[in-house]
1. How do the strands (runs of 3 or more DSSP E) wholly within the stretch 134-234 filter down when requiring 3 or more residues that are among the β-branched types (Val, Ile, Thr): which remain?
2. Name the single residue that is farthest from Val16 (Cα to Cα) among those in the stretch 56-87 being touching a residue at least 40 places away in the same chain (Cβ under 8 Å) and part of a strand (DSSP E or B).
3. Return the pairs, sorted by first residue and then second, in which the second residue is open to solvent by 60 Å² or more (accessible area, probe 1.4 Å) and β-branched (Val, Ile, Thr), the first residue lies in the stretch 275-298 and is without any contact (Cβ under 8 Å) to a residue 40 or more places away in the chain, the beta carbons are less than 8 Å apart, and the residues are 6+ apart or on different chains.
4. Name the pairs: first residue in the stretch 18-31 and in a strand (DSSP E or B), second residue of a type outside the set (Phe, Trp, Tyr) and more than 9 Å from the ligand (Cβ to nearest atom), Cβ to Cβ under 6 Å, at least 6 apart or on different chains?
5. In this structure, is Leu90 buried (at least 23 other Cβ atoms within 10 Å of the Cβ) and outside any helix (DSSP H, G or I)?
6. Give the stretch 25-64 a look and list any residue that's farther than 16 Å from Leu175 by Cβ and among the aromatic types (Phe, Trp, Tyr), or say none.
7. With respect to Glu166, determine if the residue is surrounded by 14 or more Cβ atoms within 10 Å (Cβ to Cβ), under 23 Å from the mean Cα position of the chain (by Cα) and over 25 Å from Arg69 (Cβ atoms).
Amino acid sequence: MARRIARPNPTETLEVPALTRVCPTCAGVLWSANMARRTVTTLAGLILLRLQVRSCRNPECPQYKVCLRPEAEGRFALPQHEFGLDVVALIGALRHAEHRSVTEIHAELVRRGVPICVRSVGNLLDRYDELLALSCSDTDRLRRITGKAGQVILAIDGLQPDVGHEVLWVIRDVLSGEVLLARSLLSSSQDDLAKLLCEVKEALAVPIAGVVSDGQTSIRKAVAKALKGVPHQLCHFHYLREAALPVYEADRHAKVQLKKKVRGIRPIERKVEGRDDLEAGAIRGYCAAVRSALTDDGRPPLEASGLKLADRLAAVATSLDRVAGKRGCRRN
Ligand SMILES: [Zn+2]
């Protein structure tokens, strides 16, 4: 059924780079083909994905001009889906672990701010059941997916909608974009994950050229155990997010310290209450400037809100110094 109301605008934009730079088939350089855009509705809001698509330009290569989409795309959503895998995982967990009805699941998603209709909840529940029904014993399907490229690059992701819920583990083939195996596991130990990887490895008739993951310790150990010698690359998205964490923490600490220095705006505002002269107006203006600086948050890690606050307070202080200079007095 066609959508009757417009989809809300994305709340966030994410750049998703393609990590593979070398053609998996001919080992030639992969060239940037285009920048695809796709909006996915996740539990955290609507995300606009800007996806870097690459392709091989070697006319001799069987994969000539075949588009290779970023490895991390499948972590967000299944192919041609507008709802994120995290939404699918939550719907499955609410249905099967908590035995909630489709109407109750819909109410829960709406409560969490996910713009979704009841019919879509039913459809996504079917997708969840289909995902878990995927079996590595269906060799025809595996051959169809992996035959063309003659090899696979595996991506392994764990989606846990809420703490305490089972984790939906999804193993995908990056080259075809298809899910090979999905399992919902209560425990995510390295042995459990190694078993899943072994299951995939044994069913595949083609070699595994590499593995991409977020680098969680249990995944790293499971890959080392089940797929000895296969290169394992961390997803850049997670890698950068982890690297930015210490910077983010330091900035947050700096912001707390700065905030301590600009307390007491309310008493100043109270002192000039009821006055409508120029000086009172200027004081109110400065108070408003400090207030808005305190609530102006940047989006970490690319916009450091502590640094932003320091810049804005410095501008207020410079302006106050200028006023004090003109009047021949010093601010204290
Ligand atoms: Zn090639």
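1. 152-159, 167-173, 208-213
2. So, considering only residues that are touching a residue at least 40 places away in the same chain (Cβ under 8 Å) and part of a strand (DSSP E or B), the one farthest from Val16 (Cα to Cα) is Phe83.
3. Once the first residue is without any contact (Cβ under 8 Å) to a residue 40 or more places away in the chain and sits in the stretch 275-298, its partners that are open to solvent by 60 Å² or more (accessible area, probe 1.4 Å) and β-branched (Val, Ile, Thr) give Ile283/Ile268; Cys287/Ile268.
4. Hits for this filter: Leu30/Arg21; Leu30/Arg54.
5. In short, no.
6. Correct list: Trp31 only.
7. yes
Matching residues to (1) within 12 Å of the ligand (Cβ to nearest atom); (2) over 30 Å from Glu108 (Cα atoms); (3) under 15 Å from the mean Cα position of the chain (by Cα); (4) buried (at least 19 other Cβ atoms within 10 Å of the Cβ):
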{"position": "Ala6", "(1), (2), (3), (4)": "no, no, no, no"}
{"position": "Glu12", "(1), (2), (3), (4)": "no, no, yes, no"}
{"position": "Ala36", "(1), (2), (3), (4)": "no, yes, no, no"}
{"position": "Leu51", "(1), (2), (3), (4)": "no, yes, yes, yes"}
{"position": "Arg54", "(1), (2), (3), (4)": "yes, yes, no, yes"}
{"position": "Arg57", "(1), (2), (3), (4)": "yes, yes, no, no"}
{"position": "Glu71", "(1), (2), (3), (4)": "no, yes, yes, yes"}
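The values are calculated or read from the model by the stated rules, or taken from the named source; none is laboratory data. These figures come from a predicted structure and were not determined experimentally. Backbone-built Cβ (ideal geometry, glycine too); neighbour counts: all protein chains shown. These accessible areas exclude ligands, DNA and RNA; they are computed on the full protein's heavy atoms, side chains included. Shrake-Rupley method; radii C 1.70, N 1.55, O 1.52, S 1.80 Å.
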